[in-house]
Amino acid sequence: MNIQRLFESKKVVYSLEVFPPKKTTSIDTIYNTLYGLRGLKPDFISVTYGAGGSETQKNKTCEIASLIRSEYQIEPVSHLTCAGSTKEDIIEFLNRLKAEGVHNILALRGDITPENQVIDFEHASDLAAFIKKYDDSFNISGACYPEGHCDAANIDEDIENLKKKEAAGVGHFISQLFFDNDHFYEFMNKVEKVGIKVPIEAGIMPVINKAQIERTVSMCGASLPVKFSKMMNKYAQDPVALKDAGIAFATEQIIDLINNDVQGIHLYTMNNVETATRITNSIANIIASCNK
Ligand SMILES: Cc1cc2nc3c(=O)[nH]c(=O)nc-3n(C[C@H](O)[C@H](O)[C@H](O)COP(=O)(O)OP(=O)(O)OC[C@H]3O[C@@H](n4cnc5c(N)ncnc54)[C@H](O)[C@@H]3O)c2cc1C
């Protein structure tokens, strides 16, 4: 199923994201994770791709996406980054995906690091255009940033660049995580003003421990609203309470987004079945009601 078509048939699309385990020795854990997530009936599950990752890791992205489709009959989306990759590397991965029946790709640049420099593709839009030209049967999604990407001079420039991604064939965006819905609403207003038409899903990450928040914020630069910081500080010494509060915060964020007509929710599960299950169960009736 073409991911973009989901948005024609549903008012609110609900998707999950998983990542391949970092250590090849712990690969079995992902099978348990997928088994646990299958009952949540997401519209699709996306699988991350380590930018410039080892052959084994890249194989795992494809293998996990294939398993999601064949074993659980859930639509998979394979992430694919282009920093550090040649055209030949990308073609090889596309052929692997096609052989496994995976037709949906989240086309990304990946972070530029000393190990991952631009080779053949400067931006995700170049990758999207390349994939479309190579094989038009792939459906392409892309990333967007409600608070702006850190490389962009400002949010308006970043949104102008999103238009280039849309023009290159990206038919759906998934947003970077954020903790303040007002940033997302302001972003959506700007996106609408510049005429971007494709559906946009809001990326939500439940934060359930203090180390996670420090890591997450330093990686993606999401700003923290006062009520979020108060919650983190209040329960910092009580991991059980902090987990409950983090799940409640994410759930409240999602319900507010749905009340404000978001087109989709993409839950960054962090491979945590319990957290994903608690959140999904809390919002299942609400999403079902919207999709009646
Ligand atoms: C939903 C989501 C999933 C992700 N999954 C992964 C993953 O699996 N693996 C991974 O390694 N990383 C992942 N990332 C992180 C992502 O790779 C980084 O944020 C990366 O730095 C930018 O990728 P991009 O695809 O947004 O890049 P781009 O779209 O290329 O944007 C990067 C910068 O270039 C600018 N720009 C974009 N297009 C143009 C253009 N045509 N001309 C001029 N400037 C332009 C943008 O404004 C921005 O500042 C994910 C991010 C998100 C939001």
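The values are calculated or read from the model by the stated rules, or taken from the named source; none is laboratory data. Quantities reported herein were computed from a predicted structural model and do not represent experimental measurements. A quick note on method: Cβ atoms are made from the backbone with ideal geometry, for glycine too, and the neighbour counts reach across all protein chains shown. Note: areas computed on protein heavy atoms with side chains; ligands, DNA, RNA excluded. Shrake-Rupley method; radii C 1.70, N 1.55, O 1.52, S 1.80 Å.
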**Q.** Interchain or long-range residues, amide H under 5 Å from L106's placed H
**A.** S78, H79, L80, S141
Q. So what J values fall out for region 274-279 if you push phi through Karplus, 6.51 cos²θ - 1.76 cosθ + 1.60 with θ = phi - 60°, rounded to Hz, Gly and Pro as x?
A. 4, 5, 4, 5, 4, 5
Q. With each label point set 7 Å from Cα along the Cα-Cβ vector, what nm distance links D120 and Y31?
A. 3.4 nm
Q: Considering only Q263, Q73, Q176, give the residue with the highest GNM mean-square fluctuation for the chain, with springs between Cα atoms whenever their separation is below 10 Å.
A: Q73
Q: Sort all Cα-Cα distances of the chain into consecutive 5 angstrom bins from zero, then give the percent of pairs in each bin up to the one containing the longest distance.
A: 1, 5, 12, 16, 19, 18, 15, 9, 3, 1, 0
Q) So for the pair E71, D238, with labels modelled 7 Å out along Cα→Cβ, what separation do we get in nm? A) 3.8 nm
Q: Please list, or write none, the aspartates and glutamates whose alpha carbon is within less than 16 Å of the alpha carbon of K227, excluding same-chain residues fewer than 8 places away.
A: D180, D182, D244, E252, D256
Q.
Cut-off under 16 Å on the C-alpha distance; same-chain residues fewer than 8 positions from K234 excluded. Which lysines are left, in chain and number order?
A. K210, K243
(Q) Skipping prolines and chain starts, which residues have an amide H placed within reach, meaning under 5 Å, of the one on C144, given they are 5 or more residues away or on another chain? (A) I174, S175, Q176
Q. Among all stretches of the chain without exposed GluC sites (Glu not before Pro) (DSSP loop, at most 13 other Cβ atoms within 10 Å), which one is longest?
A. 123-292
(Q) Need the full-extension length gain, R215 to A248, defined as separation in residues times 0.36 nm minus the C-alpha distance. One decimal, nm. (A) 9.8 nm
Q | Dipole axis of region 55-146 (+1 Lys, Arg; -1 Asp, Glu on Cβ), positive-most option in S141, A128, V118 | A | S141
Q) What residues qualify as long-range amide H neighbours of E75, i.e. H under 5 Å apart, gap of 5 or more or another chain, H built at 1.01 Å from N? A) I45
Q) Based solely on its DSSP helices, what 222 nm [θ] is calculated for the chain when runs of n ≥ 4 H residues each add -39,500 (n - 2.57) and the sum is averaged over all residues, nearest 500 deg cm²/dmol? A) -15500 deg cm²/dmol
Q) Roughly how much of H79 is accessible, in Å² to the nearest 10, using a 1.4 Å probe? A) 10 Å²
Q: Enumerate the lysines that K133 could reach by cross-link, defined here as Cα to Cα under 28 Å, with residues fewer than 8 away along the same chain left out.
A: K58, K60, K87, K98, K163, K164, K165, K197
Q. Roughly how many nanometres apart are two label points built 7 Å out from the Cα toward the Cβ at K230 and A153?
A. 3.9 nm
Q) Which residues in region 190-206 have a backbone N closer than 13 Å to a point placed 7 Å from the Cα of A167 along the Cα-to-Cβ line? A) 195-196
Q) Can you run phi through the Karplus equation (6.51, -1.76, 1.60; θ = phi - 60°) for region 255-270 and list ³J(HN,Hα) in whole Hz, with x for Gly and Pro? A) 5, 4, 5, 5, 4, 9, 6, 4, 7, x, 10, 10, 8, 6, 6, 6
Q.
Taking 0.36 nm per residue of sequence separation and subtracting the Cα-Cα distance, how much length would be gained by fully extending the chain between T113 and N285, in nm to one decimal?
A. 57.6 nm
Q. Among I119, I204, I174, which one moves the most in a GNM of the chain with springs linking Cα atoms closer than 10 Å?
A. I119
**Q.** Filtered trypsin sites (Lys or Arg not before Pro), region 115-218: DSSP coil and at most 11 other beta carbons within 10 Å
**A.** K197
Q.
For Cα pairs less than 8 Å apart in space and 6+ apart in sequence, what is the mean separation divided by the residue count of the chain, i.e. the relative contact order in percent?
A. 20 percent
**Q.** ³J(HN,Hα) computed for each position of region 70-78 - Karplus, 6.51 cos²θ - 1.76 cosθ + 1.60, integer Hz, glycine/proline x
**A.** 7, 8, 10, 6, 10, 5, x, 10, 9
Q) Which residue, T269, T29, T251, tops the fluctuation ranking in a GNM of the chain built on C-alpha contacts under 10 Å? A) T29
Q) Kirkwood-based Rg over Rh for region 41-180 (C-alpha set), two decimals? A) 0.95
